[in-house]
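Peer 1: Would you mind keeping the following structure in view while I ask a few things?
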Amino acid sequence: MASGDFDILYEMPEVLRETLGHHGFQPSLSNPHAAMMNLETGMAVEFVKGPLFDGRSDRSRLVLYMFENGSILVPPIEDMIADRMGQDTSAPRGVPMMREQAVALYKLAENLDLDYLDKRIRQESANEHKLATLREWADEAG
């Protein structure tokens, strides 16, 4: 159930590219301007442009993590769950990996804002899914 990459919104991509390069990342052969990959670990980083979740995320819900050498803003777990459920709708029969990731995030999450989660699932899936759908998937997964 591994995701293929980390998506990063970054204001100074040249600094990030240089930093990643010092840690074994190389420009992706398939998309050298928008992604880097570490061949040893198989981990990829994709540089995303535009507003977070196409502007549908509530920026006031971003979580700031501070480190000794900097900080990172992480979107709320509700947005990440809803994003995977939206990606599930990209194929007529669904995308099992996206369902698995949505369920895993749901099971790991604490203190979810269920109203916000339901709203975001409906937005990301064009009303094809809702919170009840996620709960059904979680029950099926055990």
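Peer 1: Any chance the stretch 62-74 includes a residue that's loosely packed, with under 10 Cβ neighbours inside 10 Å, over 13 Å from the mean Cα position of the chain (by Cα) and farther than 21 Å from Phe6 by Cα?
Peer 2: Yes - at least one qualifying residue is present in the stretch 62-74.
Peer 1: State yes or no: is Met97 touching a Ser or Thr at 6+ places or on another chain (Cβ under 6 Å) and surrounded by 13 or more Cβ atoms within 10 Å (Cβ to Cβ)?
Peer 2: no
Residue-wise test of (1) in a helix (DSSP H, G or I); (2) among the polar types (S, T, N, Q).
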position: Tyr65; (1), (2): no, no
position: Met85; (1), (2): yes, no
position: Ser90; (1), (2): no, yes
position: Gln101; (1), (2): yes, yes
position: Tyr106; (1), (2): yes, no
position: Asn111; (1), (2): no, yes
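Yes/no matrix, rows are residues, columns are (1) over 24 Å from Ile8 (Cα atoms); (2) in contact (Cβ under 8 Å) with a residue 60 or more places away in the chain:
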position	(1), (2)
Arg59	no, no
Val63	no, no
Gly70	no, no
Ile77	no, no
Glu100	no, yes
Arg120	no, yes
Thr133	yes, no
Ala138	yes, no
Ala141	yes, no
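Peer 1: When you go through Ala91, Ala34 one by one, which is the residue that is without any contact (Cβ under 8 Å) to a residue 60 or more places away in the chain, of a type in the set (A, V, I, L, M), in the same structural domain as Asp115 (by TED's automatic domain parsing) and over 26 Å from Asp113 (Cβ atoms)?
Peer 2: Ala91
Peer 1: Filter the stretch 34-61 for residues that are part of a loop (DSSP other than H, G, I, E, B), among the hydroxyl-bearing types (Ser, Thr, Tyr) and more than 15 Å from the chain's Cα centre (by Cα) and give the result.
Peer 2: Residue satisfying the conditions is Thr41 alone.
Peer 1: A follow-up question, please. Taking Met80 as the residue in question, decide whether it is closer than 30 Å to Ala138 by Cβ, in a helix (DSSP H, G or I) and touching a His at 6+ places or on another chain (Cβ under 7 Å).
Peer 2: no
Peer 1: Right, something else. Within the stretch 2-11, does at least one residue satisfy the condition of being at pLDDT 85 or above and either in a loop (DSSP other than H, G, I, E, B) or farther than 19 Å from Glu136 by Cβ (or both)?
Peer 2: Filtering the stretch 2-11 down to residues at pLDDT 85 or above leaves none.
Checking the stretch 2-11: not a single residue is at pLDDT 85 or above and either in a loop (DSSP other than H, G, I, E, B) or farther than 19 Å from Glu136 by Cβ (or both).
Peer 1: Please tell me if Arg56 is surrounded by 11 or more Cβ atoms within 10 Å (Cβ to Cβ), over 30 Å from Leu16 (Cβ atoms) and not aromatic (Phe, Trp, Tyr).
Peer 2: no
Peer 1: Give the stretch 40-85 a look and list any residue that's closer than 23 Å to Ser30 by Cβ and modelled with pLDDT of 90 or more, or say none.
Peer 2: Selection gives Asp83, Arg84.
The values are calculated or read from the model by the stated rules, or taken from the named source; none is laboratory data. Since this is a predicted model, take the numbers as computed values, not measurements. Backbone-built Cβ (ideal geometry, glycine too); neighbour counts: all protein chains shown.
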